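Read-outs throughout are calculated quantities, based only on the coordinates presented, and are distinct from any laboratory measurement. Please read all numbers here as calculations on a predicted model, not as lab measurements. Quick reminder, even Gly has a Cβ in these numbers, built from the backbone with ideal geometry, and neighbours come from all protein chains shown.
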2 protein chains.
Amino acid sequence: MATLIAPEHADHFADAEALHKACQGWGTDEKGIIEVIGHRNSAQRKLIKETYEQQYSEKLGHRFEKELSGDFERAVYRWMLEPYEREAVLANVALKKSDYQVIIELSCTPSAEELLAFKRAYQARYLHSLEEDVASHFTGDLRKLLLLLVSVYRYESEATNATLAEAEAEILHKCIKDKEYHHDEIIRILTTRSKAQLVATFYRFRDAYGTPIAKSIVGDKDQDYVSALHTAIRCIKSPQKYLERVLSDAMHKRGTDEDAITRVIVTRAEKDLAKIKELFYKRNSETLEHAVAKETRGDYEKFLLTIMGAEHH
Amino acid sequence: MATLIAPEHADHFADAEALHKACQGWGTDEKGIIEVIGHRNSAQRKLIKETYEQQYSEKLGHRFEKELSGDFERAVYRWMLEPYEREAVLANVALKKSDYQVIIELSCTPSAEELLAFKRAYQARYLHSLEEDVASHFTGDLRKLLLLLVSVYRYESEATNATLAEAEAEILHKCIKDKEYHHDEIIRILTTRSKAQLVATFYRFRDAYGTPIAKSIVGDKDQDYVSALHTAIRCIKSPQKYLERVLSDAMHKRGTDEDAITRVIVTRAEKDLAKIKELFYKRNSETLEHAVAKETRGDYEKFLLTIMGAEHH
């Protein structure tokens with residue numbers, strides 16, 4: 001499901017040396033950098049960073065900061081972080097921009113254990129909790145929803161309870177029919193039930209009331225809150241479909257959203273980007289590589305395509 | 001800080017055999033049971049249970065259920081559970097009685113890691129999350145408060161930020177002065193900030209406004225919610241003082257509350273009951289052992305006194 005192509009064994013001494021060479025002299029050898037880090041998995045990259053620091057008494061990250069720039073630099077910076085640390089950085093950047101969509105993506109696409117590891121990394125890096133930052137960056141019902149989405153330690157089983165799905169689909173339908181999108185019960189159900197149970201509830205909703213739940217929630221003066229509900233529902237239903245949509249929107253809307261492209265590709269290249277690529281092709285009749293090649297340029301493009309596994313473009 | 005007196009090494013084969021003997025024949029030898037399990041720590045008790053089941057093809061817990069009764073049985077049952085599993089059982093019992101005080105005690109007295117372990121044990125035992133059970137047992141603002149208290153993975157550092165304490169003491173004071181106890185900001189601050197930070201905020205509140213925060217929150221039509229606020233504040237401020245008060249109330253109010261006595265003594269005997277005993281003596285000029293001996297009887301009394309470390313009563 002990953003797209004990254006990395007050798008089983010890599011020589012981190014040779015890699016650190018190659019990166020050191022690529023960063024020396026007048027121009028930076030961006031291709032040389034991509035050739036190494038674009039073909040190393042997260043454990044290998046960690047070793048390279050450690051080795052580089054030992055050998056050359058400087059942090060590889062600092063060196064890259066000096067040598068690289070723009071979208072390429074940002075993508076490489078994120079790529080070189082360990083996965084949970086990267087999510088912590090992405091969340092922190094999102095909070096500064098009050099980008100609740102990214103907060104929902106980061107809290108609803110991972111498993112309970114992954115979310116926990118990400119929250120631990122956040123605490124280690126920023127010396128307070130993700131929860132307190134989310135709570136103090138947002139207000140009102142949006143805060144209620146976001147705070148519980150990042151806080152609750154969901155049950156992970158695939159088991160579902162049909163009676164409960166029926167009962168809660170009915171509660172959700174009643175709230176939605178009356179346009180009470182802010183009802184506590186909607187927030188309670190979405191934030192506390194296991195994802196498998198929620199998916200069962202969403203199916204039940206569609207079967208009983210004819211429309212998928214996300215499509216039933218339309219129009220409200222509090223557009224951010226409604227949009228957050230949609231995002232949460234879609235992330236819970238299918239993280240991969242949601243992320244495919246993030247990529248499509250980032251590329252097909254006016255003005256390419258490089259941050260979103262980088263975020264999804266960098267966080268998923270070692271995970272399930274192959275599946276996301278498949279979904280992208282199905283919906284757009286265009287390969288993701290092709291779309292990325294059209295919308296990005298230079299070393300940034302080369303780097304993204306490399307970790308996407310597109311060797312010969 | 002613990003009161004339990006247990007040998008460093010215990011022979012779990014001999015212990016299992018002694019318990020088997022104590023449960024055989026016409027009468028049960030309760031003293032024999034107390035002699036063993038009242039002097040074994042949680043790891044030793046776990047081994048005894050495993051050994052007993054292997055040797056006698058029945059669960060020790062089931063055997064105790066048959067042989068023992070009343071408060072003694074309940075205390076032994078709780079004692080024989082592993083700590084986090086015990087908390088899961090206590091939470092489940094509390095939920096059935098809508099006893100929000102116990103839910104707050106179980107979520108606010110442990111560290112973030114302990115709370116997490118307890119939530120994992122809850123999921124393993126009941127096949128859903130503590131969060132969803134709390135959310136579906138309560139409503140309104142009481143639910144909002146309780147759900148976040150059990151959900152948030154608090155930051156654990158002892159470091160505090162004086163500027164933040166000042167700012168948030170002011171926010172709390174403004175809400176409390178206006179009798180807006182249900183204000184989102186009170187819930188946000190109490191549920192998301194680290195405990196050390198909250199204690200700093202409480203001190204700042206008292207210094208700036210002359211009254212401790214808990215004492216400032218008085219009277220409201222929603223008595224349960226206000227009472228929950230008090231409990232949360234006291235558990236965060238000092239778990240041991242809070243638990244001392246639970247014991248005092250359980251013994252000195254009309255009608256002894258055996259469940260509360262059992263809960264605090266059993267959960268704390270291997271932890272910090274010595275400190276709680278000290279606090280009890282300071283406030284009541286009576287030893288906790290003496291009070292327990294007055295309020296309880298028979299094997300139940302003997303068992304409690306044994307794990308409290310009162311050998312010669």
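Computed from label points 7 Å out along Cα-Cβ, the spacing between B:SER216 and B:SER57 is 6.7 nm. With r as the distance between the Cβ atoms of B:THR287 and B:PHE13 and R0 = 51 Å, compute the FRET efficiency 1/(1 + (r/R0)^6) and round to 0.05. My answer for the efficiency is 0.90.
In this structure, B:ASP29 and A:SER157 have a Cβ-Cβ separation that, at R0 = 41 Å, corresponds to a calculated FRET efficiency of about 0.45. In chain A, the beta carbon lying closest to the axis that superposes A onto B belongs to the residue given here with its whole-angstrom distance, A:SER151, 2.
Note on chain A: with a GNM built from Cα contacts shorter than 10 Å, the maximum mean-square fluctuation among A:ALA43, A:ALA91, A:ALA214 falls on A:ALA43.
With a Förster radius of 51 Å, plug the Cβ-Cβ distance of A:ALA2 and B:GLU73 into 1/(1 + (r/R0)^6) and report the FRET value to the nearest 0.05. Write out the running numbers ahead of the final one.
Numbers: r = 54 Å, r/R0 = 1.07.
That pair, A:ALA2 with B:GLU73, gives E of 0.40.
Running a GNM on chain A with Cα contacts under 10 Å, which residue among A:LYS179, A:LYS49, A:LYS144 ends up with the highest mean-square fluctuation? Sorting by GNM fluctuation, first place goes to A:LYS179.
Mind checking A:129-139 for the average number of partner chain beta-carbons within 10 Å of each residue's beta-carbon?
Working: counts 9, 4, 10, 11, 1, 2, 10, 7, 0, 1, 3.
That works out to 5 on average.
Could you size up the charge dipole of the stretch B:227-280 around its Cα centre, putting +1 on the beta carbon of Lys and Arg and -1 on that of Asp and Glu, and report it in debye to the nearest 20?
220
Here the 3J(HN,Hα) profile of the stretch B:85-95, calculated from phi with Karplus coefficients 6.51, -1.76 and 1.60 at θ = phi - 60°, is 5, 4, 5, 4, 5, 4, 5, 5, 5, 4, 5 Hz, Gly and Pro shown as x.
On average, how many beta carbons from a partner chain sit within 10 Å of the beta carbon of a residue in A:152-159? Let's see the in-between values first.
Working: counts 12, 13, 6, 11, 2, 4, 0, 2.
Mean shielding count: 6.
Relative intensity of chain B on a log10 scale, I(q)/I(0) at q = 0.11, 0.15 Å⁻¹, equals -0.74, -1.22, per a Debye sum over C-alpha point scatterers of equal strength in the absence of solvent.
Roughly speaking, what is the centre-to-centre gap between the stretch B:272-313 and the stretch B:108-145 when only Cα atoms are used, to the nearest Å? That distance is 30 Å. Computed on chain A, with alpha-carbon pairs under 8 angstrom and 6+ residues apart, the relative contact order is 22 percent.
Across the stretch A:1-153, Cα-Cα pairs farther apart than 23 Å form 45% of the total.
Here the 3J(HN,Hα) profile of the stretch A:46-62, calculated from phi with Karplus coefficients 6.51, -1.76 and 1.60 at θ = phi - 60°, is 4, 4, 4, 4, 5, 5, 4, 5, 4, 6, 10, 6, 8, 7, 4, x, 5 Hz, Gly and Pro shown as x. With a cut-off of 11 Å on the backbone N, no residue of the stretch B:272-313 is near the modelled label site 7 Å out from B:VAL93 along Cα-Cβ. For peptide B:189-195, the mean count of partner chain Cβ atoms within 10 Å of a residue's Cβ comes to 4.
So how strong a dipole does the protein assembly as shown carry about its Cα centre when Lys and Arg Cβ are +1 and Asp and Glu Cβ are -1, to the nearest 20 debye? Numbers along the way, then the final one.
Numbers: 92 positive and 104 negative charges, 232 e Å.
Dipole size: approximately 1120 debye.
Tell me, what is the percent relative contact order of the stretch B:152-285, built from C-alpha pairs under 8 Å that lie six or more residues apart?
Details: 112 pairs, mean separation 26.7, N = 134.
Once divided by the residue count of the stretch B:152-285, the mean separation gives 20 percent.
For the residue pairs A:LYS253/A:LYS275; B:LYS96/B:LYS119; B:LYS31/B:LYS282; B:LYS174/B:LYS271; A:LYS144/A:LYS215, the C-alpha atoms sit more than 27 angstrom apart in B:LYS31/B:LYS282; B:LYS174/B:LYS271. Highest mobility in the GNM of chain B, judged by mean-square fluctuation with C-alpha springs under 10 Å and restricted to B:SER69, B:SER111, B:SER157, is found for B:SER157.
From the helices alone, meaning DSSP H stretches of at least four residues, give me the mean residue ellipticity at 222 nm for the protein assembly as shown, per-run term -39500 (n - 2.57), in deg cm²/dmol to the nearest 500.
On the way: 40 runs with 450 residues, N = 626.
Calculated mean residue ellipticity at 222 nm is -22000 deg cm²/dmol.
Listed as lacking a disulfide-compatible partner in chain A: A:CYS23, A:CYS175, by the criterion of no other cysteine Cβ under 4.7 Å. Given +1 at the Cβ of Lys and Arg, -1 at the Cβ of Asp and Glu and no other charges, the dipole of chain B around its Cα centre is 680 debye to the nearest 20.
With a sphere of radius 14 Å drawn around the Cβ of B:GLY70, what net charge do the other residues whose Cβ falls strictly inside it have (Lys, Arg +1; Asp, Glu -1)? Can you show the working numbers first?
On the way: positive: B:LYS66, B:ARG74, B:ARG78, B:ARG297, B:LYS302; negative: B:GLU30, B:GLU65, B:GLU67, B:ASP71, B:GLU73, B:GLU258, B:ASP259, B:ASP299, B:GLU301.
That sum, taken over residues with Cβ under 14 Å, equals -4.
What the phi angles of the stretch B:275-290 give under the Karplus curve with 6.51, -1.76 and 1.60, with θ = phi - 60°, is a coupling list of 5, 5, 4, 4, 5, 5, 5, 4, 8, 10, 6, 8, 6, 4, 4, 4 Hz, glycine and proline written as x.
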